[in-house]
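The values are calculated or read from the model by the stated rules, or taken from the named source; none is laboratory data. Everything numeric in this text was worked out from a predicted model, so none of it was measured. Glycine gets a Cβ as well: all are built from the backbone with ideal geometry, and neighbour counts include every protein chain shown. Keep in mind that these areas ignore ligands, DNA and RNA; they rest on the heavy atoms of the full protein, side chains included. Shrake-Rupley method; radii C 1.70, N 1.55, O 1.52, S 1.80 Å.
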Amino acid sequence: MTTKFEELLGRFHAYLACVDNALVREAVAGIGWDMPARPLAAHPLACLRHLERAAELAPPDAKPLVRWVAGQRGNLHWGQTYSESDFGSAFVDNYGWLEVFGTRGHFANDEAAAGLLILGPDIVYPDHHHVAEEIYIPLTGGTEWRMGERGFRKREAGEIVHHASNVNHAMRTGQEPLLALYIWRGGPLAQKSEITGTVAQGRG
């Protein structure tokens, strides 16, 4: 009998298998998908209120995954790397992630980590960097992303956003929430990012 967590991993893998991008294909091919499940208690967060809207905004190929996660949100273990002391209460109330697999996720993997990030509307995730290479696939459009010394650039749902090791990057949402799939590899998989910007940096 398939458990809800096995269904999560299956839907996550099925979506990634349909992404037509060489970098994503290479990353997916390098993941050992026969992972042991890790027993984690449900841990809901305030940001989960944005999942219904994210499911409405998601493109057709991502809707099965996003709708499933929205329906099962209360049964999953959501986490936060930052606290109110880092970025304030408005950020913390509109931020969280679900690690599907990795060193802390529903499935154990020491080579790569992947999951989903939520940011509510009108939120700035300031400049930060980490050792691990990061691949993002926004599942909702309209969020502005920046990398290195470049300015913010709006990205559509399904675009691939690639952050190399230790490259500064930031995001800011507009009127709609962001739900993005992420893959980390090639560095510490539970490392807290080094913050180099402030929440105010995106308000210009």
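Kindly report the accessible area of the chain per residue (heavy atoms of protein chains, probe 1.4 Å, no ligands, DNA or RNA), in Å².
In whole numbers, the chain has 44 Å² accessible per residue.
Return the percentage of antiparallel bridges among DSSP beta bridges fully within the chain, rounded to the nearest 5 %.
90
Express the C-alpha Rg of the chain as a ratio against the empirical globular expectation 2.2 N^0.38 Å, rounded to two decimals.
Computed over Cα atoms of the chain, the ratio equals 0.95.
Dipole of region 1-73, Cα-centred, from +1 at each Lys and Arg C-beta and -1 at each Asp and Glu C-beta, to the nearest 20 debye?
Around 300 debye, computed over region 1-73.
Determine the calculated [θ] at 222 nm for the chain from helices alone, applying -39500 (n - 2.57) to every DSSP H run no shorter than 4 residues and normalising by the residue count; nearest 500 deg cm²/dmol.
-6000 deg cm²/dmol
Over all distinct alpha-carbon pairs, what is the Kirkwood Rh of region 149-203 in angstrom?
About 13.5 Å for region 149-203.
Please compute the modelled spin-label separation between residue 196 and residue 13, points set 7 Å along Cα→Cβ, answer in nm with one decimal.
Taking the simple label geometry, residue 13 and residue 196 are separated by 3.7 nm.
I need the calculated FRET efficiency for the pair residue 3 and residue 29, taking r as the beta carbon distance and R₀ as 25 Å, to the nearest 0.05.
FRET efficiency, residue 3 to residue 29: 0.50.
Roughly how many nanometres apart are two label points built 7 Å out from the Cα toward the Cβ at residue 166 and residue 20?
Taking the simple label geometry, residue 166 and residue 20 are separated by 3.7 nm.
How many percent of all Cα-Cα pairs in region 111-204 sit more than 20 Å apart?
Pairs farther apart than 20 Å: 30 percent.
Report the equivalent ellipsoid semi-axes for region 1-110 in whole Å, largest first, defined as the square roots of five times the eigenvalues of the gyration tensor built from alpha carbon atoms.
So the equivalent ellipsoid measures 24, 17, 15 Å along its semi-axes.
How much of the accessible area of region 34-105, in percent, comes from carbon and sulfur atoms when a 1.4 Å probe is used?
51
Using θ = phi - 60° and the Karplus curve 6.51 cos²θ - 1.76 cosθ + 1.60, what whole-Hz ³J(HN,Hα) does each residue of region 174-187 get, with Gly and Pro shown as x?
x, 7, 10, x, 10, 10, 9, 8, 10, 10, 10, 7, x, x
Let me know the Kirkwood hydrodynamic radius for region 60-140, please, with Cα pairs as the basis and the value in Å to one decimal.
14.2
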